[in-house]
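First comes the structure, then the notes that go with it.
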Amino acid sequence: MAALRSEPVICPGCRADVAPAPVGFTWWGGMLGSKLLHHVECPACHVRFSGITGRSNAGRIAAYLSLAAGLVVLLGYLISRVR
Ligand SMILES: [Zn+2]
């Protein structure tokens, strides 16, 4: 993500003013999920959080996961209907 912000980002883990590194790949969302949620990692304590809000992404990750699970269920249902 090229859009760097001039305002400081406070890490929710160590409360330090850090320059978070973008997370390329996550177990829960692959490449796409981390991009969608602007998932970043603190270089000091390695806590991962949202690069936009400066807060934990846990709630959004849960929403992302349930959305993905819903799509899988829907897809499975559609496939079973075809057969
Ligand atoms: Zn930190």
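Computed from the coordinates by the stated procedures, all read-outs in this text should not be read as laboratory data. Because the structure is predicted, anything quoted here is derived from the model rather than measured. Glycine gets a Cβ as well: all are built from the backbone with ideal geometry, and neighbour counts include every protein chain shown.
Among 65-75, 30-40, 51-61, sorting by the average number of other beta carbon atoms lying within 10 angstrom of each residue, highest first, gives 30-40, 51-61, 65-75.
Any number yet on Rg/Rh for the range 9-82, C-alpha, Kirkwood? Taking Rg over the Kirkwood Rh, I get 1.15.
Which residue, Gly70, Ser56, Ala21, has the largest displacement toward the positive end of the dipole of the chain when charges sit on each Cβ (Lys, Arg +1; Asp, Glu -1)? So the residue furthest toward the plus end is Gly70. Net charge in the neighbourhood of Val23 (other residues with Cβ under 12 Å of its Cβ; Lys, Arg +1, Asp, Glu -1) is +1. Between helix 58-82 and the chain there is an angle of about 20 degrees, using the helix long axis and the longest principal axis of the Cα atoms.
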